[in-house]
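Okay, so here's the structure we're looking at.
Computed from the coordinates by the stated procedures, all read-outs in this text should not be read as laboratory data. Remember, predicted model here, so these are calculated numbers, not experimental data. Using ideal geometry, Cβ is built from the backbone for each residue, glycine included, and neighbour counts are taken over all protein chains shown.
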Amino acid sequence: MKNYIKFIGVCMIALLASCDDDAVVFDNVNGDTAVSFKQTNFETSVPQAGVTVTVPVEITTISTENRTYNVSLLEADDTAAITLGSVVIPADSYEGALDISIDFAAIGGNDGELREASIQLTPSEGATAYADIVNLTYFREIVCNDATLTINTDSFASETGFQIIDDAGVVVYELATGSLANSVQTFTTDIFLADGCYTAVITDSFGDGQVDGTNPDGNFTLTCSIITFASGGGSFGASQSVPFCVNQ
């Protein structure tokens, strides 16, 4: 019981003390101005034409005039690829945006490699910032037309044939049956493929696929840079068809 009374007494003291304090009133016109990024992490692929990432920004006060705040590039894997705009808050608005442009041609590294940049908001005098750094992860979109065909055969390589057929039914590449001499071997060739969709067709004239009963099963791959357009092989019978698309 004594502990209960003591608890009530503490609560009353706290209540009386709070009444003596001035109430905090949020003033969106004359109060302190704080500006921040609404989202601080972005990831994007960059096509050949480049890309612009729009970062939303919010502010705590309102104004009858447009407001502009600067940003700076803290660090980037590809400084020349990044172009920064300014943070623009339109008049009578609590929200604005920052545009970050990325140039495809200025991106370094290998195909598909993730690259990073950090951008910091630097508001003018009279304003403060929080959530003020945007972390941007980007990578060069892989555009690839120079494909490489690799066929690992069984010992009856002369039975193997291969075609690439476009979506209009035109054969754009052919390795005719009988082109390879019988032996376990690796056949490779480079093939240019225009943008579009295709079907890769591997055939076996004997009808048992790339299997000879002694060696590991054969296979094929059609690749371009780090992209695998099509793959197959093994015990597929007389033929195997694999649809794929290039830069679609």
Subject >> Surrounding net charge for THR223, when Lys and Arg each add one and Asp and Glu each subtract one, Cβ distance under 11 Å >> reply: -2
Original post:
Roughly speaking, what is the stretch gain from THR68 to ALA168, that is 0.36 nm per residue apart minus the C-alpha to C-alpha distance, in nm to one decimal?
Top reply: 30.6 nm
Original post:
What ³J(HN,Hα) values, in whole Hz, does the Karplus curve 6.51 cos²θ - 1.76 cosθ + 1.60 give for the range 130-143 when θ = phi - 60°, with x put for Gly and Pro?
Top reply: 9, 6, 9, 10, 9, 9, 10, 10, 9, 8, 6, 4, 7, 10
Subject >> Where only alpha carbons of the range 102-247 are counted, the Rg and the Dmax (Å) >> reply: 23.1, 82
**OP:** Within the set of other residues whose C-beta is less than 13 Å from the C-beta of PRO243, count the net charge using Lys and Arg as +1 and Asp and Glu as -1.
**Re:** -2
**OP:** Would you mind computing the Rg to Rh ratio of the chain from its alpha-carbon coordinates, Kirkwood style for Rh?
**Re:** 1.35
**OP:** Find how much the distance from ASP99 to THR54 grows on full extension, using 0.36 nm per residue of separation minus their present alpha carbon separation; answer in nm with one decimal.
**Re:** 15.7 nm
Original post:
For the pair THR128 and GLU75, what calculated FRET efficiency results from E = 1/(1 + (r/R0)^6), where r is the Cβ-Cβ distance and R0 = 30 Å, to the nearest 0.05?
Top reply: 0.85
Original post:
Once you list every other residue whose beta carbon is under 13 Å from the beta carbon of VAL172, what net charge do they have if Lys and Arg are +1 and Asp and Glu are -1?
Top reply: -4
Original post:
Hey, fewest Cβ within 10 Å first, where do ARG67, ARG140 land in order?
Top reply: ARG67, ARG140
Original post:
Once Rh for the range 33-140 is found with the Kirkwood sum over Cα pairs, what is the Stokes-Einstein diffusion coefficient at 37 °C and 0.692 mPa s, in µm²/s?
Top reply: 230 µm²/s
Subject >> Under Karplus coefficients 6.51, -1.76 and 1.60, residue-wise ³J(HN,Hα) of the range 50-65 in Hz, glycine/proline x >> reply: x, 8, 10, 9, 9, 9, x, 10, 10, 9, 8, 10, 10, 9, 7, 10
Original post:
Where both residues lie in the chain, what percent of DSSP beta bridges are antiparallel, nearest 5?
Top reply: 85 percent
**OP:** Report, for the range 33-140, the % of DSSP beta bridges that are antiparallel, rounded to 5.
**Re:** 75 percent
